[in-house]
Amino acid sequence: MTEQDVIELIDSSLAEEFELNREEMTPEANIYEDLGLDSLDTVDMVIVLEAAFKFKIREEEAVRGIRTLGDIHRFVLEKMAESS
Amino acid sequence: MSRSLSGLSHQPLSAVVVLMNLWCYPALVLWTLTGMALFPLFYLSGRLLQLPPDRLTRLAIWIYGRGWLLLMRPFVRFRRQGMEHLTKDRPCLFAVNHFSFFDTYCMALLPVYNIMFAVRSWPFRMFWYRGFMRLARYLDVEGSPLEVILEHCRHAFSRQGAVLFFPEGHRSRTGELQRFYSGAFKVAIASKVELVPLCIAGTESLLPPGRKLFRPCTVTLRVLPPIDTHDFQDRQGHIRLRKLTKERLAAALDDIRRQDAHAL
């Protein structure tokens with residue numbers, strides 16, 4: 001899976017789960033202010049990413065620090081690099 | 001299919017619309033002032049009968065809502081459907097779609113009054129309603145963590161009350177369902193109460209966001225069959241419950257609109 005494939009899978013999974021507009025999903029987009037997610041959605045986001053990439057996310061501290069879509073991309077890419 | 005609501009504001013004003021607004025706005029203000037004036041007497045009488053303050057205030061709000069329905073009736077046809085799905089004094093969580101500020105008023109179509117509304121912060125900023133909302137222990141879900149919301153809801157359920165959520169969080173501006181947030185579904189599952197989807201249709205024509213004038217319409221409130229939340233206790237349960245509820249509400253909304261189109 002290339003980096004672009006990973007980013008595409010993240011964006012399409014989140015867009016489907018949270019009914020997001022793909023045009024608004026830029027790496028700089030703040031997931032709370034720009035994409036309209038709330039704190040409870042963070043839990044759902046973890047579940048969605050785990051299902052899409054078949055890994056477990058236990059880094060709660062790191063997840064709490066996520067602010068932008070770009071942060072999610074980097075977080076998943078690092079997870080995938082660790083597991084490979 | 002998205003329904004253009006903003007387009008309605010450009011429709012020419014008919015005599016009926018003018019008459020409706022000349023009647024409804026003053027009548028609503030007068031009814032609100034009358035309710036405020038009568039409330040202390042009602043409240044004190046209820047307290048003498050040892051009714052709990054929150055329940056008493058919810059009853060007063062329900063009566064106020066009933067009055068509003070009567071005032072609107074010359075111009076709005078109200079329909080209730082599926083009321084057989086409700087069981088008196090059985091705790092449940094209502095999840096209702098959201099088109100208009102007046103959706104909350106339409107909840108007086110329900111034959112139950114002991115309902116704690118879970119709403120965002122802005123209705124609490126309306127000073128003329130705020131005191132009543134506090135007395136009725138309505139829940140400000142915007143500024144509260146899930147644990148606090150859960151505690152308040154469990155308190156209401158333990159007293160055979162119901163809690164009502166708008167899972168979309170705010171009013172639809174397209175006339176279609178928006179994305180649903182998870183909070184309501186987590187509360188229903190964690191509290192192990194039934195989730196009862198309520199479908200409201202027609203208020204998007206009555207007074208959608210961004211429009212100032214009422215328009216005559218038919219408003220339908222349909223109670224859908226309750227969903228047992230015991231089957232949704234796994235980690236992804238709230239997501240499944242959220243999707244199922246939205247699916248059922250979307251189907252009910254389509255069905256009601258088909259009925260209305262046939263009736264024309």
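Some points to look at:
- Pick from region B:222-234, criterion under 19 Å from the mean Cα position of the chain (by Cα) and not in a strand (DSSP E or B), ranking: nearest to the other protein chains (Cβ to nearest Cβ): B:L224
- Residue count, region B:115-134 (criterion: over 24 Å from B:S182 (Cα atoms) and aliphatic (A, V, I, L, M)): 1
- Selection count where residues are of a type in the set (A, V, I, L, M, F, W, C), more than 13 Å from chain A (Cβ to nearest Cβ) and free of Cβ contacts under 8 Å to residues at least 40 places away in the same chain, scope region B:132-161: 2
- If you go through region A:1-21 and keep only what is of a type outside the set (A, V, I, L, M, F, W, C) and more than 14 Å from chain B (Cβ to nearest Cβ), you end up with A:T2, A:E3, A:Q4, A:D5, A:E8, A:D11, A:S12.
- Residue count, region B:73-108 (criterion: polar (S, T, N, Q) and in contact with a strand residue (DSSP E or B) (Cβ under 8 Å, 6 or more places away or on another chain)): 3
- If you go through region A:52-74 and keep only what is more than 14 Å from A:E8 (Cα to Cα) and either at pLDDT 90 or above or of a type in the set (V, I, T) (or both), you end up with A:I57, A:V63, A:I66, A:R67, A:T68, A:D71.
- Taken together, the residues in region B:235-254 that are among the charged types (D, E, K, R) and away from chain A (no Cβ under 12 Å) amount to 3.
- Subset of region B:162-191 (residues that are surrounded by fewer than 22 Cβ atoms within 10 Å (Cβ to Cβ), away from chain A (no Cβ under 14 Å) and either without any contact (Cβ under 8 Å) to a residue 40 or more places away in the chain or among the small types (G, A, S) (or both)): B:G175, B:S191
- Criterion (surrounded by fewer than 17 Cβ atoms within 10 Å (Cβ to Cβ) and either assigned to a helix (DSSP H, G or I) or β-branched (V, I, T) (or both)) met by exactly one of A:E78, A:E33, A:E28: A:E78
- A single member of A:I47, A:I57 is out of contact with any Cys (no Cβ under 7 Å at 6 or more places or on another chain), in a helix (DSSP H, G or I) and surrounded by 13 or more Cβ atoms within 10 Å (Cβ to Cβ), and it is A:I47.
- Number of residues in region B:132-154 that are surrounded by 13 or more Cβ atoms within 10 Å (Cβ to Cβ) and in a helix (DSSP H, G or I): the value is 11.
- Every listed requirement among (1) free of Cβ contacts under 8 Å to residues at least 40 places away in the same chain; (2) of a type in the set (A, V, I, L, M); (3) touching a helix residue (DSSP H, G or I) at 6+ places or on another chain (Cβ under 6 Å) is met by B:V223 save one, (1).
- Close pairs from region A:28-56: first in contact (Cβ under 8 Å) with a residue 24 or more places away in the chain and within 8 Å of another protein chain (Cβ to nearest Cβ), partner surrounded by 18 or more Cβ atoms within 10 Å (Cβ to Cβ) and charged (D, E, K, R), Cβ under 9 Å, at least 6 apart: A:D44/A:E17; A:D44/B:R242
- The requirement of being assigned to a loop (DSSP other than H, G, I, E, B), over 15 Å from the mean Cα position of the chain (by Cα), surrounded by fewer than 20 Cβ atoms within 10 Å (Cβ to Cβ) and among the basic types (K, R) is fulfilled nowhere in region B:51-66; no residue meets it.
- Inside region A:60-72, residues that are under 13 Å from the mean Cα position of the chain (by Cα), surrounded by fewer than 17 Cβ atoms within 10 Å (Cβ to Cβ) and in a helix (DSSP H, G or I) make up a count of 4.
- Selection within region B:95-129 - assigned to a helix (DSSP H, G or I), without any contact (Cβ under 8 Å) to a residue 60 or more places away in the chain and over 12 Å from B:I61 (Cα atoms): B:W122, B:P123, B:F124, B:R125, B:F127
- Test: residue in region B:200-221 that is within 14 Å of chain A (Cβ to nearest Cβ) and of a type in the set (A, V, I, L, M, F, W, C): no
The values are calculated or read from the model by the stated rules, or taken from the named source; none is laboratory data. Quick caveat, the model's predicted, so the values are computed rather than measured. Using ideal geometry, Cβ is built from the backbone for each residue, glycine included, and neighbour counts are taken over all protein chains shown.
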